[in-house]
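Colleague: Have a look at this one.
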Amino acid sequence: MLDYLEIISENFLGEAAPPRYHLDRIKERYPLVLHGVGLNILGPTPPEPSYLDRVAWLADYVNAPFVSDHLCWTGAHGYSHHDLLPMPYVPELVELAAERAALVQRHVGRPFGLENLSSYVEFERSSLSEWEFYAGVVERSGCHYMLDVNNIYVSSQNHGFSPEKYLAAVDFSRVLQVHIAGHSRDPNGTIVDTHDQPVALAVWQLYGAAMRRAPRPTLLEWDDRIPPLSEVLTELAKAKDYSA
Amino acid sequence: MTLPASPAWLLELEAAFGRMLRQPLSRATGALRAETGAYPPELLAQAKPGPGLSGAERLAVYHRQYWFRLFTLLQGAFPLTARLVGFWRFNQLVSDFLVAHPPRGWNIDQASDGFADFLGETLPDTELELEPARGPLPRAALLEAARIDAAYHDVFCAPLVTPYAPAQGDAARLAQGRLRLSPAVALLTESWPLCELRRRAVGAQSTEASLVLGPRLAERRSWLLGRDGVRLGLLALEPREARLLELLTRHPVAAALARLEAEYSGSGLETERQQLPELVQSWLARSVRLGVWAGLEVES
């Protein structure tokens with residue numbers, strides 16, 4: 001029923017023995033891909049070689065066909081905010097992110113995918129749309145899309161753009177993997193990427209449109225308020241229906 | 001090849017964003033709220049309004065996420081402490097801690113490191129006044145609870161360590177050597193039945209059910225916390241075993257034994273003193289079997 005699993009890289013980069021024990025059991029049974037949340041590609045300085053060494057080691061350890069992280073920043077000036085934070089979409093940062101992404105891909109020795117954010121704020125300084133920025137980074141870096149369809153939808157609702165237009169700008173020959181997930185609505189109306197419930201119908205429809213462009217490996221993210229496995233599998237089965 | 005650092009304007013924007021995130025949430029209304037009035041002006045000037053919300057309200061989504069993610073993390077790492085004081089008060093303690101010690105590395109599990117010590121350094125030397133339904137909590141009980149929670153966290157997060165197995169020749173070196181405690185082991189002491197309370201707190205992980213501290217124990221109790229595979233377990237220690245273990249972690253073996261014997265000399269516990277050599281022999285052997293030690297260090 002499950003073709004492969006994705007692990008959050010940072011959960012296994014440390015020395016704690018119990019996570020490694022569980023990882024060893026899982027990797028015996030399933031192919032694994034790595035998905036990071038701590039790369040900080042648009043932090044003040046290029047990613048730390050020591051951090052990349054750990055990711056590369058983990059990728060080798062589980063024989064991951066590719067690794068991914070987010071097109072965002074997560075900390076600055078010595079502080080780590082442990083969140084995926086947005087930045088202005090400007091050509092200057094396309095260049096910066098692309099150089100750093102190319103460095104990551106070389107360092108880990110396998111395809112590297114960048115995921116689009118769910119975002120809740122945009123900046124006056126931006127001169128590009130998010131999809132122009134994203135496409136520019138992928139194209140210039142020689143890296144790949146780790147395309148989160150739910151995030152496209154969430155950001156489109158929060159910022160008032162067309163998710164279909166976003167999708168149309170994606171070069172699907174460079175999409176490594178697709179994410180789908182559930183989201184929630186804050187009392188103030190903001191849609192937040194919570195991964196804690198079934199995928200919304202509008203996201204399934206967007207996903208169906210993406211799969212009609214080109215079927216790609218798909219991962220259902222459900223990592224909070226996790227229901228019984230049978231419910232998760234039922235949800236996952238819908239992905240096969242929408243991509244058929 | 002050296003890649004360039006970020007442009008100055010991005011460094012400034014990220015610094016302002018970080019300052020906004022690290023502002024504690026307001027507690028003035030009886031609920032945790034993001035007060036946008038004190039957000040850095042240079043950040044507010046950049047945050048665009050969107051459908052139905054101002055730029056400041058959009059930034060507040062991140063502000064709340066920052067704090068609630070960390071509150072949840074520390075509630076998980078300190079389940080006993082959180083339930084003894086209640087989540088409202090616990091979150092305040094966490095907020096004070098994180099303002100003084102914000103997270104700095106990629107490993108979010110390390111964000112709680114130092115919390116128990118912080119409480120010990122900053123809590124006033126009085127009982128903690130909690131909400132009326134809970135009553136006051138002795139400071140010493142809260143600190144014991146936090147140290148027990150921290151020990152569980154540290155033992156869980158410890159790397160895989162090969163337990164010390166005496167080699168040929170170690171018997172001769174043992175007296176002057178110092179046994180190194182395995183990072184997957186901790187000595188816990190309690191003056192209230194905190195370990196049992198923690199077991200119940202973890203069993204009710206998803207609720208904020210309050211715990212009643214109960215009366216102080218007639219005598220302090222000690223436990224050995226250890227990890228067997230991926231499971232954590234407790235082993236009750238009798239007082240002399242606990243004291244011996246404590247001394248062995250601080251002193252070379254011979255010095256530890258001498259101190260233990262001195263503590264029993266003239267204390268009216270002559271029978272116990274006479275039993276010490278046998279106790280030491282059996283406890284050392286048992287502790288090795290249990291994997292308490294990670295090595296023997298002998299100064300050259």
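Colleague: Say whether the condition of being in contact with a helix residue (DSSP H, G or I) (Cβ under 8 Å, 6 or more places away or on another chain), part of a helix (DSSP H, G or I) and of a type in the set (V, I, T) is met by at least one residue in region A:67-78.
Modeller: no
Colleague: Let me ask something else about it. Only residues that are away from chain A (no Cβ under 11 Å) and touching a residue at least 24 places away in the same chain (Cβ under 8 Å): list them for region B:17-38, please.
Modeller: Listed by number, the residues that qualify are B:Q23, B:P24, B:L25, B:R27, B:L32, B:T36.
Colleague: Please find, among A:V104, A:V138, A:V192, A:V175, the residue that is within 13 Å of another protein chain (Cβ to nearest Cβ), buried (at least 16 other Cβ atoms within 10 Å of the Cβ) and in contact with a His (Cβ under 8 Å, 6 or more places away or on another chain).
Modeller: Matching residue, one of A:V104, A:V138, A:V192, A:V175: A:V192.
Colleague: Can you find even one residue in region A:60-70 that is of a type in the set (S, T, N, Q), farther than 30 Å from B:V185 by Cα, surrounded by fewer than 19 Cβ atoms within 10 Å (Cβ to Cβ) and away from every other protein chain (no Cβ under 11 Å)?
Modeller: Yes: region A:60-70 contains one or more residues that are of a type in the set (S, T, N, Q), farther than 30 Å from B:V185 by Cα, surrounded by fewer than 19 Cβ atoms within 10 Å (Cβ to Cβ) and away from every other protein chain (no Cβ under 11 Å).
Colleague: Can you say whether B:R139 is farther than 28 Å from B:R180 by Cβ and surrounded by fewer than 17 Cβ atoms within 10 Å (Cβ to Cβ), as far as the supplied structure shows? Walk me through it before giving the result.
Modeller: Values: farther than 28 Å from B:R180 by Cβ: yes; surrounded by fewer than 17 Cβ atoms within 10 Å (Cβ to Cβ): yes.
Yes, satisfied.
Colleague: Further, regarding this structure: Which residues, taken from region B:61-73, are without any contact (Cβ under 8 Å) to a residue 40 or more places away in the chain and either facing chain A (nearest Cβ under 8 Å) or out of contact with any helix residue (DSSP H, G or I) (no Cβ under 8 Å at 6 or more places or on another chain) (or both)? Please lay out each step first, then the result.
Modeller: So in region B:61-73, the residues without any contact (Cβ under 8 Å) to a residue 40 or more places away in the chain come out as B:61, B:64-65, B:68-69, B:71-73.
Listed by number, the residues that qualify are B:V61, B:R64, B:Q65, B:F68, B:R69, B:T72.
Colleague: Let me ask another. Does any residue of region B:126-139 turn out to be in a helix (DSSP H, G or I) and either within 25 Å of B:V185 (Cβ to Cβ) or within 14 Å of chain A (Cβ to nearest Cβ) (or both)?
Modeller: Within region B:126-139, none of the residues are in a helix (DSSP H, G or I) and either within 25 Å of B:V185 (Cβ to Cβ) or within 14 Å of chain A (Cβ to nearest Cβ) (or both).
Colleague: Can you tell me which of B:R273, B:R200, B:R231 is of a type outside the set (V, I, T), in the same structural domain as B:A133 (by TED's automatic domain parsing) and more than 19 Å from B:G76 (Cα to Cα)? Spell out the reasoning first.
Modeller: Values: B:R200 fails: more than 19 Å from B:G76 (Cα to Cα); B:R231 fails: more than 19 Å from B:G76 (Cα to Cα).
Exactly one of B:R273, B:R200, B:R231 is of a type outside the set (V, I, T), in the same structural domain as B:A133 (by TED's automatic domain parsing) and more than 19 Å from B:G76 (Cα to Cα), namely B:R273.
Colleague: Filter region A:1-18 for residues that are in contact with a Phe, Trp or Tyr (Cβ under 9 Å, 6 or more places away or on another chain), more than 9 Å from chain B (Cβ to nearest Cβ) and in a helix (DSSP H, G or I) and give the result.
Modeller: If the condition is that a residue be in contact with a Phe, Trp or Tyr (Cβ under 9 Å, 6 or more places away or on another chain), more than 9 Å from chain B (Cβ to nearest Cβ) and in a helix (DSSP H, G or I), then A:F12 is the only one that fits.
Colleague: What number of residues within region A:139-155 are touching a Pro at 6+ places or on another chain (Cβ under 8 Å) and either part of a strand (DSSP E or B) or hydrophobic (A, V, I, L, M, F, W, C) (or both)?
Modeller: Final tally of qualifying residues: 3.
Colleague: Shifting gears a bit: Can you confirm whether A:Y166 is touching a Lys or Arg at 6+ places or on another chain (Cβ under 6 Å) and under 16 Å from A:R213 (Cα atoms)?
Modeller: Here the answer is no, as A:Y166 does not meet what is asked.
Results for (1) among the β-branched types (V, I, T); (2) over 28 Å from B:D228 (Cα atoms); (3) free of Cβ contacts under 8 Å to residues at least 60 places away in the same chain; (4) assigned by TED's automatic domain parsing to the domain that holds B:V288, shown as yes or no for each residue.
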site: B:S54; (1), (2), (3), (4): no, yes, yes, no
site: B:E57; (1), (2), (3), (4): no, yes, yes, no
site: B:D113; (1), (2), (3), (4): no, no, yes, yes
site: B:L130; (1), (2), (3), (4): no, yes, yes, yes
site: B:A140; (1), (2), (3), (4): no, yes, yes, yes
site: B:E144; (1), (2), (3), (4): no, no, yes, yes
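Colleague: Specify the residue that is farthest from A:H179 (Cα to Cα); the eligible residues are those in region A:71-96 that are hydrophobic (A, V, I, L, M, F, W, C) and more than 10 Å from chain B (Cβ to nearest Cβ).
Modeller: The extreme case among them is A:V94.
Colleague: I'm told B:A100 meets every condition in (1) under 17 Å from the mean Cα position of the chain (by Cα); (2) surrounded by fewer than 15 Cβ atoms within 10 Å (Cβ to Cβ); (3) touching a residue at least 24 places away in the same chain (Cβ under 8 Å) except one. Can you identify the failing condition by its number?
Modeller: Result: B:A100 passes all but (3).
Colleague: Only one residue in B:R173, B:R198, B:R180 is closer than 27 Å to B:E131 by Cα, away from every other protein chain (no Cβ under 14 Å) and basic (K, R), so which one is that?
Modeller: Working: B:R173 fails: closer than 27 Å to B:E131 by Cα; B:R180 fails: closer than 27 Å to B:E131 by Cα.
Of B:R173, B:R198, B:R180, the one residue that is closer than 27 Å to B:E131 by Cα, away from every other protein chain (no Cβ under 14 Å) and basic (K, R) is B:R198.
Colleague: Is it the case that A:P44 is closer than 17 Å to A:E99 by Cβ and either facing chain B (nearest Cβ under 7 Å) or among the polar types (S, T, N, Q) (or both)?
Modeller: yes
Colleague: Follow-up question, since we're still on this one. Only one residue in B:T36, B:T126, B:T72 is of a type in the set (S, T, Y) and closer than 25 Å to B:V155 by Cβ, so which one is that? So that I can check it myself, show each step before the final result.
Modeller: Working: B:T36 fails: closer than 25 Å to B:V155 by Cβ; B:T126 fails: closer than 25 Å to B:V155 by Cβ.
Answer to the check: B:T72.
The values are calculated or read from the model by the stated rules, or taken from the named source; none is laboratory data. Note that this is a predicted model, so its numbers are computed, not measured. Neighbour counts run over all protein chains shown; Cβ positions are idealised from the backbone, glycine included.
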